[in-house]
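Below you'll find the structure, written out as structure tokens, and then a few comments.
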Amino acid sequence: MKRIPVGQLRGAKDLIQDAVLAGTDAAQRLQLSAARQPYAVLEKIAPITVPVRAVEQVQTAITIGVYGMIRSVTRLTASVADHALDLAERSTDPKAPG
Amino acid sequence: MNARKDSTDRFTQWTAAGVSILNGAFGDYLVRRNNALAIDMAFMHRGQALLLERDALRAAYPTSDGRLCIFLHGLCCNEASWQFPDEGNIAGQTYGSLLQDEIGITPLFVRYNTGLPIAENGRRLAGVLNALLAAFPVPIREIVLIGHSMGGLVARSACDAARSEASATGLGCTWLPLLAKMFYLGTPHEGADLEKLAHATTAVLDAVPNRITRLIGEILGLRSEGIKDLRAGLGAVEPGAATGLRDDAQSIRHYLVAGTLADDPAHPVSRLLGDGLVRMPEPAGFAEDGQPGAQRVQIGIFPGVHHMALAHDMNVYRQIRDWMTDKADT
């Protein structure tokens, strides 16, 4: 069975990680910007300005939290994959100790 | 056993093809990020990068007489693009292997990161040719460059780089005086329409005041510098003009090969779309009869041969072989 070189697997992992993180940043930016629009209209109505801002802050915090979670899980998964690739590299490298 | 070997070969080819596509699309990004998928320019022999050392070269090309034919693939491709399709009695052969059998010239296949700027690949090619010249086990007598699509631009760019380096260092160029012929198969000398369209689309999407269209524009803009360089090309091939082929390269002969989608080159589809990706060269864009260098540029049109097929078509091969062996032409 022909195997893909570990270096190429690591490169693919790095590329996927970069793509997920860049995609997450772009999606967060887009969502925050889209969500701002109705709040911008609603906060102009004087009696509800304060609660509208409060709701927006809560929603923004939740949005940032969710995207932050996606980034954290991505980095954790990438780190686990790195360890697995390190092990694979050591097992295929005849000069590796042990 | 054979079925297993075939599936292993196919797996290796698919993996290499995938990596080459990624390099074409994002090769400059891969280099910037020091990603292990980035391809280093190398001569490939039986699927492996060849060490530019005398013993390795002697083992790879034991019968070489010092005449070399160097093949440069196009965007998002690798040396497998030169292989004839898996059918008929020439399956797996290449222009290189056929030329070796028929006229004894030694074929070398380059693999490179097509996402890098064309000028950068040209510099790298000039460098590896110098290294090849220094290490080759027999004296090199003649070099022929055959570029498919972007490969033709890289070949021209290597000539530029070699001349610039020679004039900057005051030393003569080692390999350029040995360059006898350059073949361009479906090369977008004056730019590729698809990249022009992509550039215009990106500009329009960026100008629209909408975050979705801007995001799409940003994603389109991620394409590699190599692809973006195809928008302008390098201009028409004009021996003796400012295309990097002046002075010491006056004697180089240039051969342009173009395909057309329709069987009739005069058909509007052929005129508009050329081989599907690159339009036919305009005769006006090249040296005309009576002008210096006119005999040094020849054009071959191949009706019904699409862009990718130009790298492995029997009629194109025959034309290349005939031009290679044309005594009146040497």
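The values are calculated or read from the model by the stated rules, or taken from the named source; none is laboratory data. This structure is a prediction, so every number in the text was calculated from the model and none was measured. Don't worry about glycine lacking a Cβ; one is built from the backbone with ideal geometry, like all the others, and counts go over all protein chains shown.
Below is a table of values for the structure above.
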read-out	value
Complete set of residues in segment A:8-27 that are crowded, with 17+ Cβ neighbours inside 10 Å, under 21 Å from residue B:17 (Cα atoms) and among the aliphatic types (A, V, I, L, M)	A:9, A:12, A:15
Residue in segment B:42-58 that is farther than 15 Å from residue B:150 by Cα, assigned to a helix (DSSP H, G or I), away from chain A (no Cβ under 12 Å) and within 18 Å of the chain's Cα centre (by Cα) present	no
Filter pass, residue A:75 being more than 14 Å from chain B (Cβ to nearest Cβ), at negative phi and part of a helix (DSSP H, G or I)	yes
Members of segment A:25-52 found to be assigned to a helix (DSSP H, G or I), away from every other protein chain (no Cβ under 11 Å) and aliphatic (A, V, I, L, M), listed by number	A:35, A:40, A:41, A:42, A:46, A:48, A:50, A:52
Top-ranked residue of segment A:1-24 - restricted to ones that are more than 9 Å from chain B (Cβ to nearest Cβ) and basic (Lys, Arg), ranked as farthest from the chain's Cα centre (by Cα)	A:3
Test: residue in segment B:75-86 that is free of Cβ contacts under 8 Å to residues at least 12 places away in the same chain and more than 18 Å from residue B:254 (Cα to Cα)	yes
One residue from A:81, A:96, A:61 being modelled with pLDDT of 95 or more, aliphatic (A, V, I, L, M) and closer than 30 Å to residue B:13 by Cβ	A:81
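Matching residues to (1) aromatic (Phe, Trp, Tyr); (2) away from chain A (no Cβ under 14 Å); (3) over 30 Å from residue A:19 (Cβ atoms):
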| residue | (1), (2), (3) |
| --- | --- |
| B:143 | no, yes, yes |
| B:148 | no, yes, no |
| B:156 | no, yes, yes |
| B:167 | no, yes, yes |
| B:178 | no, yes, yes |
| B:186 | no, yes, yes |
| B:193 | no, yes, no |
| B:206 | no, yes, no |
| B:218 | no, no, no |
